[in-house]
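Data block below; observations after.
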Amino acid sequence: MRSAALSVVFSLVLMPQVVFAQSDSEVSDPLESVNRGIFWFNDEFDVNLLEPVAQGYHDVVPDTVETGVKNFFKNLRYPMYLVSDIVQLKFTQALEHTGRFVVNTTVGVAGLIDVGKHIGLPDHEEDFGIALAYHGVPAGPYIVLPFLGPSNMRDTVGLVVDTVLNPFYWLGHTNLHSDAQLAIASGATVLKAIDTRVRLLEGVKTAKESSVDYYLFVQGVYYQYRRGELYDGNPPEEEDEITVEKSPSNNAAR
């Protein structure tokens, strides 16, 4: 399961300064009936399987181990970050991400320890969907993906590229006759999903308790988060459209 698909939704849930109210015109959701059906399926899967497993994992695994697992998977996002950086012509940021990867992979013991953040190498969330937005590709309609959650047409295309850039994707496909490789790749995918869900235990609970329409709440948070990502964390105060595209001038200022 893509970690960003869940993290994106609830990373802002507990931040009261974010305004989630939206007008109907701000989000294009022509497939709402289908999306709500998939959303219901995802929630049932989460409530009946993923959440209990994540809660059990959290209760048993020490915090230091949880942090190490989180850092490990975050370190593996380097190929995705690098490609997005280069496509957006963010060469300085590409060097920072490369430095982080090298330091965390070596000194940080295969990425289990985030050494980079302590030596002035910041982590910038990037993905291919953001790179597409940089070049003016429109967001397209809102989509809820099975198991993966909220997205839109542009981010779904970006997700395909990001998946191919995942090292475990290649581990599972370089030799289809190797059961060990497939087992490792599949196990890593499951562990990544559990790790992501653990960090959202309180956020999901709060969202469900505080929202009148959970579907619209998730949709609103998703677009708020992506809007912030498209502007490198500094979105304008006033915007007519919530699905704002990132322009080269925004990146040049970084």
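The values are calculated or read from the model by the stated rules, or taken from the named source; none is laboratory data. Since the model is a prediction, treat every value here as computed from it, not as a measurement. Please note: Cβ atoms are built from the backbone with ideal geometry, for glycine as well, and neighbour counts cover all protein chains shown.
Overview of results
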{"read-out": "Inter-residue pairs, beta-carbon under 9 Å, first free of Cβ contacts under 8 Å to residues at least 60 places away in the same chain and within 13 Å of P52 (Cβ to Cβ) and in segment 189-211, second of a type in the set (D, E) and crowded, with 20+ Cβ neighbours inside 10 Å, 6+ apart", "value": "none"}
{"read-out": "Filter result for V103 (of a type in the set (V, I, T), under 24 Å from L191 (Cα atoms) and in contact (Cβ under 8 Å) with a residue 24 or more places away in the chain)", "value": "no"}
{"read-out": "Test: G158 is over 15 Å from the mean Cα position of the chain (by Cα), under 27 Å from L31 (Cα atoms) and surrounded by 20 or more Cβ atoms within 10 Å (Cβ to Cβ)", "value": "no"}
{"read-out": "Selected residue [surrounded by fewer than 19 Cβ atoms within 10 Å (Cβ to Cβ), under 18 Å from the mean Cα position of the chain (by Cα), closer than 20 Å to P30 by Cβ and not hydroxyl-bearing (S, T, Y)] from P150, P167, P146, P138", "value": "P146"}
{"read-out": "Residues of segment 206-236 that turn out to be under 22 Å from F45 (Cβ atoms) and either of a type in the set (D, E, K, R) or touching a Gly at 6+ places or on another chain (Cβ under 7 Å) (or both), as a count", "value": "3"}
{"read-out": "Every pair of residues 6+ apart whose Cβ atoms lie under 6 Å, when the first sits in segment 31-43 and is within 22 Å of L200 (Cβ to Cβ) while the second is among the aliphatic types (A, V, I, L, M)", "value": "N35/V144; I38/V144; F39/V144"}
{"read-out": "The lone exception for Y78 - which of (1) under 17 Å from the mean Cα position of the chain (by Cα); (2) within 15 Å of R199 (Cβ to Cβ) it fails", "value": "(2)"}
{"read-out": "Complete set of residues in segment 217-236 that are under 16 Å from E126 (Cα atoms), in contact with a helix residue (DSSP H, G or I) (Cβ under 8 Å, 6 or more places away or on another chain) and assigned to a helix (DSSP H, G or I)", "value": "Y222, Y223, Y225, R226, E229, L230"}
{"read-out": "Qualifying positions in segment 180-205 - closer than 19 Å to E44 by Cα and exposed (fewer than 14 other Cβ atoms within 10 Å of the Cβ)", "value": "V190, E202, K205"}
{"read-out": "Residue check for V102: over 30 Å from Y214 (Cβ atoms), at pLDDT 95 or above and of a type in the set (A, V, I, L, M, F, W, C)", "value": "yes"}
{"read-out": "From the options R227, R197, residue that is modelled with pLDDT under 90 and under 26 Å from E32 (Cβ atoms)", "value": "R227"}
